[in-house]
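These notes are about the structure you will find just below.
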Amino acid sequence: MQPENLPVSVSIKKGTYAGSTVALVAGVHGDERVGVMALQALWQTLDITKGTVYAIYGNPDAIAKNVRFIEKNLNRCFVPGITGTSLEEQRAQELMPILDQCDAVLDLHATNSVKTTPFIITEQPSMVLARALDFPIISTGWNDAEGGAVDGYMYGRGKIAVTTELGSVKTPELYLDLAKQSILTFLRFFGCIAGSIPAPKQTPKYVHITRAVLKQTNGLSFTKDFADFEALPEGEVFAKDGDTEYRAGKGECIIFPRPQKEIGGEAFLIGKFTS
Ligand SMILES: [Zn+2]
């Protein structure tokens, strides 16, 4: 079913009964295959009984080329009133009116880190859903560190949103089952498909992102090859960038350390373990 006036690569299914309108989003970053694979595998056979479900392939041109983006990071373009003419800014302008119709969004991503673990990005109003998805780490605070993402757009409208980061972009097959399970749990949570949600097996760690640090010089180095969410010893230097030394505060961890990033790009993020 492809109603009129929907941009290519947006599909919609409606259930027999009234209910929530939700969106499954994959491929906002075109090289993050796991979400695209999961959505392709499930969409045709999904039997939506209640509500309305959109399947959105975020950046079709980037998906076709298996690249993160064509001109701009699409996940910084979901800004109300954005007027840019790049491919991604235009795509965000197409997709925001669809998101406006949705009560909730599940956005499927993967990370560029090699040493990583699946984790969730969300905010407090979406925490019951986040917990039901049963991931080892639930993180908050990203929207203040990096605006313009799909989830941030939804929070700004008082809506529910969860982003799942499904392992490394290099190994989508390892996390395909988790991606599919995330889609099914999300749809069951809103009653869109039949089936109950199993009780979570994991006790997640909670991390609040406190800051994003930009690369200043070509002399950026880390004291070790940190994994995402690795705890940093309090008071110790963990990175140097030219003359700047970075020391960890109490209960802090590092996410996305990127020694090879271009100057002005994001060198790393710092999070704080919360309970
Ligand atoms: Zn991504």
- Options A110, A18, A41: the member that is in contact with a strand residue (DSSP E or B) (Cβ under 6 Å, 6 or more places away or on another chain), in contact (Cβ under 8 Å) with a residue 12 or more places away in the chain and of a type in the set (A, V, I, L, M, F, W, C): A110
- Message: Checking the structure you have, find out if any residue of region 67-86 is in contact with a Cys (Cβ under 9 Å, 6 or more places away or on another chain), surrounded by 18 or more Cβ atoms within 10 Å (Cβ to Cβ) and farther than 25 Å from P200 by Cα.
- Response: no
- Message: Tell me whether region 65-74 contains one or more residues that are within 13 Å of the ligand (Cβ to nearest atom), farther than 25 Å from G15 by Cβ and either among the polar types (S, T, N, Q) or without any contact (Cβ under 8 Å) to a residue 12 or more places away in the chain (or both).
- Response: yes
- Please verify whether region 15-35 includes one or more residues that are within 16 Å of the ligand (Cβ to nearest atom) and either touching a Pro at 6+ places or on another chain (Cβ under 6 Å) or over 23 Å from A179 (Cα atoms) (or both). yes
- Query: Considering L42, L74, L46, which residue is more than 16 Å from A179 (Cβ to Cβ) and in contact with a Lys or Arg (Cβ under 8 Å, 6 or more places away or on another chain)?
  - Reply: L74
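From the list E88, E123, E146, which residue is within 16 Å of the ligand (Cβ to nearest atom) and touching a strand residue (DSSP E or B) at 6+ places or on another chain (Cβ under 8 Å)?
Working: E88 fails: touching a strand residue (DSSP E or B) at 6+ places or on another chain (Cβ under 8 Å); E123 fails: within 16 Å of the ligand (Cβ to nearest atom).
It is E146.
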- Go through A110, A55, A41, A104 for me and flag whichever is of a type in the set (G, A, S) and closer than 26 Å to F256 by Cα. A110
- Message: Can you tell me how many residues within region 32-77 are within 20 Å of E173 (Cα to Cα), in contact with an Asp or Glu (Cβ under 6 Å, 6 or more places away or on another chain) and of a type in the set (A, V, I, L, M, F, W, C)?
- Response: 1
- Query: Tell me, which residue of region 240-258 that is surrounded by 15 or more Cβ atoms within 10 Å (Cβ to Cβ) and in contact with a Ser or Thr (Cβ under 7 Å, 6 or more places away or on another chain) is nearest to I137 (Cα to Cα)?
  - Reply: F256
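Is it the case that S126 is among the small types (G, A, S), crowded, with 20+ Cβ neighbours inside 10 Å and within 16 Å of A227 (Cβ to Cβ)?
Values: among the small types (G, A, S): yes; crowded, with 20+ Cβ neighbours inside 10 Å: yes; within 16 Å of A227 (Cβ to Cβ): no.
No, not satisfied.
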- R258 vs. criteria under 19 Å from the mean Cα position of the chain (by Cα) and part of a loop (DSSP other than H, G, I, E, B): yes
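Each value in this text was obtained by applying a stated rule to the coordinates, not by laboratory testing. Here the structure is a predicted model, which is why all the values come from computation and not from measurement. Cβ sites come from the backbone with ideal geometry, for glycine too, and all protein chains shown count toward neighbours.
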